[in-house]
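Q: Please find one structure pasted underneath; my questions will follow.
Every number here is computed from the coordinates shown, using simple stated rules; none is lab data. Please read these numbers as outputs of a predicted model, since none were measured by experiment. Positions of Cβ are backbone-derived with ideal geometry, glycine not excepted, and every protein chain shown enters the neighbour counts.
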Amino acid sequence: MKRNLLHIWLIFAALLFTTAAPQCAVAQKGKKKPFTVVIDPGHGGVDPGALGRRAKEKVVNMNVSKALAEMIKDEFPEIKVIFTRTTDVKIPLARRAAIANDAKADLFISIHSNAAKSRKAHGCETFTLGAGSSAEAKAAAMYENEVILLEDNFEETYKGFDPRSSESYIIFELIRNHDMEKSIALAEAVQKGMVNSTKLYNRGVSSAGFLVLHKTVMPSILVEVGFISNPTEEKYIASKKGQRELARGIFNGFANYYRNYKKSISGLADTTAPAAKPESKPAAQPAASDDGSTSSSTAKKGTPIFKVQILTAGSKLKAGDKRLKGVKASYYKENGMYKYTYGESSDYDAIAKKRKEISAKFKEAFIVAFIDGKKVNTKEAIEIYRKEK
């Protein structure tokens, strides 16, 4: 067992280094770089991806990706769109991420089609990087990651990572994407767009250990447009109409994210999403306690208030909802989504401890910040906190 843990930590160290390294390649000051989106049509070449009765995942992914690119170029000609592949060829997962990193891309969107043993499984889903928010999410990541077995020298490229071993996925509990909040914001917008455009069953936003996302150094998501293993859904996602509607949904979500991004850099907003104000009557929010928690209503003006975000839902949860796992939580609304938080404090270090405590129940919990009731960039809020401390 000790030997296995040592091996896992060695994998962790190697992957952490290879992930962080490209961040050094930043644009030089004074040079304007166009907003760049990398679209990644999953699979290709000798790797067909999931197979339906007639459709092949690699073909569906490419068609949806091309339609998405056309919509972006038509609506936002100032955006630079890059493909990881434009033809039916096999591209290693590490190379797909490298294309985005080398281009200093602002976003990475990987397009896939889902599959399951049960032909009844259905719906669309959007993923961010993480340890795996459910058994189904972990299974999806394992399936997608197995493509590395088709690559030459995959053991060396991925530092001994075995996509079939659950032990290998421990690293995703230790590594957190530095752009997690932005990735989640993009994922939520895209998922909402797909559901509204297609009326497919909403499987929600999840996290899982996708290698292709782990290697990127910008906000990144992986989209599963539907189940090719479901006969009805296969027919839909393989049709021109279905692919167009899927692309339109992804585009609508992206467009919402991008417009808010432009507002943020012009000084009209503080984050990648519109300023969000907590509800006046939060759900069972605990009162201030001896752990340093401070009520936002009594905080001094301009003081950052930190909270631990644990869950996102499309509608308001009822008291005692099993998804809250017995945790008393508050919520705020953003982009039509209900975002549940645990605790609040003007002391960042106290909230960091709370995040660590609650991570046993919510592995993907992360810290968000508010100033005077408006959501702000967490990193900037931490800087303010450190200066005032």
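Q: R0 = 22 Å: FRET efficiency of Lys353 with Lys300, Cβ-based, nearest 0.05? Let's see the in-between values first.
A: Working: r = 22 Å, r/R0 = 1.01.
Computed FRET efficiency for Lys353 and Lys300 comes out at 0.50.
Q: Another question, if that's okay. Given the peptides 197-204, 337-344, 185-192, arrange them by the average over their residues of other C-beta atoms within 10 Å, most packed first.
A: Numbers: 197-204: 18.4, 337-344: 23.1, 185-192: 25.8.
Highest to lowest by the protection proxy: 185-192, 337-344, 197-204.
Q: Can you give the Rg to Rh ratio of the stretch 304-388, both from alpha-carbon atoms, with Rh computed by the Kirkwood formula?
A: Numbers: Rg = 12.8 Å, Rh = 13.2 Å.
My calculation of the ratio gives 0.97.
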